[in-house]
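Here is the structure we will look at, set down as structure tokens.
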Amino acid sequence: MTSWRCLSASLSLAVLLSECVTAGDAIMPGLRPRGLLTMRSLRVTDGDGEGARVYMGANSEYSMGTDAMGNFVIAQGGHSGTPPIFMIEQSGRLLLRANTTKVQGLDVAVTGGITINGVSQWRSVINEDFDSPAGAVGWSRNAVTKCAGVTLLGGFCRFAKGEVKKSFLNLPPHDHLRIKATYHFIDRWIGEAGFMKLNIGENLQPVVVWSEQHAQDMSTNGISICGQGTPEGKFAVPIDITIPHTQAAIDVTFGSTMDDMDPCDESWGVSAVEIYVRN
């Protein structure tokens, strides 16, 4: 029975198999060098305590494998001591030393984060624009309207006196919290204030962390954006508050200091509620 074997003193990816011979050293008919080696598996072992590398390129321009600590590395240059341009540490941390890194998309897990020059960056964990079919889920008052193309929680003929609140639960571990939103003053305000509260007081009592006052008579030459024909002098006022915070939940409350006013005479709404965390 004829058997075939490949002649090779040692296996190297830089030298490809080009000949196979029979037991009688006859050349296998029809075999041509292809420049490609296919195998089910390959193990490159560490024989000198400096890691195990596979070298690519005629002059070993790049190498790939492990270093002496067992980290997976890709290096430019053929020596094991060359600083890697890519490394996955045994702890799971990824290091990139490339001058520029380009990606088509980057998905950062809620439990992870991005650090630049040792400074942890904000991570977005909540983004409510009230424009989904579900509307204002979880809010104590769930009326949703549109005004000047903006979808509002509340709005014309909906919110006047009182508050609206939602509890945001299961926030990832953090030591600072950032709340962003836009407060909308609509129609005939007469000096009342809009506000935002967070339950960060003693025994987690709500505390006012943002407030702004408005009077329509300062906007007689303004533009009516929605509601009645009354000009809106402060239609969209940004809110951006940062606080120390470590709890896994936060109660966010918006409201106004109006008395028993007709919501079709003066009203308010909120849009684009966002919550960020940072360690």
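Here, each number is a calculation from the coordinates, and none is a lab measurement. Keep in mind it's a predicted model, so treat the numbers as computed, not measured. No Cβ is skipped: glycine too gets one built from the backbone with ideal geometry, and neighbour counts run over all protein chains shown.
Taking the Cα centre of region 125-278 as origin, sum charge times position over the Cβ atoms of Lys and Arg (+1) and Asp and Glu (-1), and report the length of that vector in debye to the nearest 20.
In total the dipole reaches around 380 debye.
Within a 10 angstrom radius of the beta carbon, how do ARG97, ARG40 rank from fewest other beta carbons to most?
Result, fewest neighbours first: ARG40, ARG97.
For region 144-185, compute Rh as the Kirkwood radius over C-alpha pairs and then the Stokes-Einstein diffusion coefficient at 25 °C and 0.890 mPa s; write the answer in µm²/s, rounded to an integer.
For these conditions, the coefficient is 188 µm²/s.
Need the C-alpha centroid separation for region 106-145 versus region 189-233, integer Å.
Each part's Cα centre sits 24 Å from the other's.
Can you sort MET69, MET218 so the residue with the fewest Cβ neighbours within 10 Å comes first?
Ascending Cβ contact count within 10 Å gives the list MET69, MET218.
With the convex hull built on the Cα atoms of region 93-180, state its orientation-averaged projected area in nm².
9.4 nm²
Over all directions, how big on average is the projection of the convex hull of the alpha-carbon atoms in region 125-278, in square nanometres?
Mean orientational projected area (region 125-278, Cα hull): 8.9 nm².
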